[in-house]
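What follows is a short report on a single structure.
The values are calculated or read from the model by the stated rules, or taken from the named source; none is laboratory data. Because the structure is a prediction, the values reported are computed rather than measured. Because the Cβ atoms are built from the backbone with ideal geometry, glycine has one as well, and the counts that use them run over all protein chains shown.
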Amino acid sequence: MVDTGVETNEGTIEDDGFSLARSILSIFSQAVLLDNCLMEIGCVGAIANGHSFPITMFFFHSVVNDVGSSMTSDSPPNGHISHALNIVLFLAAGSFVACFLGKLC
């Protein structure tokens, strides 16, 4: 009879994937509350960093449209452009914070 498992100190690791998944999840059993909080903050930061580019492009789209419409009209919409650029600036600052948290934690 052929043994497909590998003998370790804890016992046999089977090839069915269940024992392997259990051993991967056992990494987190040694984490304390601070480790779990840092992992959650890092995960939220990484998700926010991934969403920052599409959101920034959505607001930058309005800036480009306002500039394009000011070329055809007589009065420039400076109020709309500055408001949209302020939003893009704050999104860039938020993206920096999210990127920093995603990489730090």
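The residue pairs whose first member lies in region 35-58 and is farther than 23 Å from PHE90 by Cβ, whose second member is at pLDDT below 85 and of a type outside the set (Gly, Ala, Ser), and whose beta carbons are closer than 6 Å, counting only pairs six or more residues apart or on different chains, are LEU38/CYS105. Among the residues of region 59-105, which ones are free of Cβ contacts under 8 Å to residues at least 12 places away in the same chain and of a type in the set (Ser, Thr, Tyr)? Within region 59-105, SER69, SER70, THR72, SER73, SER75, SER82 qualify. The set of residues in region 48-105 being outside any helix (DSSP H, G or I) and under 30 Å from LEU33 (Cβ atoms) consists of CYS105 alone.
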